[in-house]
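Values in this text are rule-based calculations from the coordinates and carry no lab data. All of these numbers come straight from a predicted model, not from anything done at the bench. Positions of Cβ are backbone-derived with ideal geometry, glycine not excepted, and every protein chain shown enters the neighbour counts.
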Amino acid sequence: MTAVIERRGFRIFPGSLDRAAQENLVAELREILARAPLVQQVTPRGQPMSVRMSAAGRFGWISDRAGYRYAERHPQGMAWPPIPDAVLALWRALADCPRDPECCLINWYGEGARMGLHQDRDEADFGCPVLSVSLGDDGLFRMGNVERGGPTESLWLRSGDVVVMGGAARLAHHGVDRIRFGSSTLLPRGGRINLTLRVVT
């Protein structure tokens, strides 16, 4: 792992997971997704999201016509599988938080997928950070401001990188403008997996 990068309060830890650790984690995620499949959710306005989602932990994050929220069950009715130990270990090493995460959101980006600028603000405790893990293809991560608008800064996240959004960056707008499809060999069919860990209650 190389030295931490600090941008706008975001802390980026390049290469936190080596190739073997990434492969092991992907194998665990495949087991999770066999139990709690990826779904294409829609915004409250009914617009399909380009990113497909699932989760692990006590809660998953849901978006549909009823709004954005956390839920204790998958849209298909099953409970969410447990968060993998390797992911919890990253949280405990890097998040600087006394509480363990209650949700590990699993986002899968296929070719052309993106995530617009947004805030993570559906949680009850903003004193706990959000921790993000990148696996697979490079993603162009955009970091903005707490208030919408104003100048932003971007950098490419690569497979194995971790971002911690806490303190001044906890409510900052952020997103993924695009992925560099095919830039990694971790996922045989290409694409990017992003894990985000959150304390919900």
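Size descriptors for region 33-164: radius of gyration and Dmax over Cα atoms are 15.0, 42 Å. Relative contact order (percent) for region 1-152, with alpha-carbon contacts under 8 angstrom and 6 or more residues of separation? RCO, region 1-152: 19 percent. Across region 13-96, Cα pairs under 8 Å and at least six residues apart give a relative contact order of 23 percent. Spread over its residues, the convex hull of the C-alpha atoms of region 14-55 is 99 Å³ per residue. Reported to the nearest whole Å, the Cα centre-to-centre distance from region 9-86 to region 117-177 is 16. Helical runs (DSSP H, four residues minimum) scored at -39500 (n - 2.57) apiece and divided by the length of the chain put the mean residue ellipticity at 222 nm at -4500 deg cm²/dmol. Computed from point charges on the beta carbon alone (+1 for Lys and Arg, -1 for Asp and Glu), the dipole magnitude for the chain about its Cα centre is near 460 Debye. Residues considered: Ser184, Ser134, Ser54. Largest GNM mean-square fluctuation over the chain, using C-alpha springs under 10 Å, is found at Ser184. The GNM of the chain, with springs linking C-alpha atoms under 10 angstrom apart, assigns the highest mean-square fluctuation among Gly167, Gly139, Gly67 to Gly67.
Strictly greater than 13 Å: what percent of every Cα pair in region 79-118 meets that? Here the long-distance tail beyond 13 Å is 64 percent of all Cα pairs in region 79-118. Computed over region 1-109, the quotient of the alpha carbon radius of gyration and 2.2 N^0.38 Å is 1.18. Comparing Gly110, Gly190, Gly46, which has the greatest mean-square fluctuation in the GNM of the chain with Cα pairs linked when under 10 Å apart? Highest fluctuation of the listed residues: Gly46.
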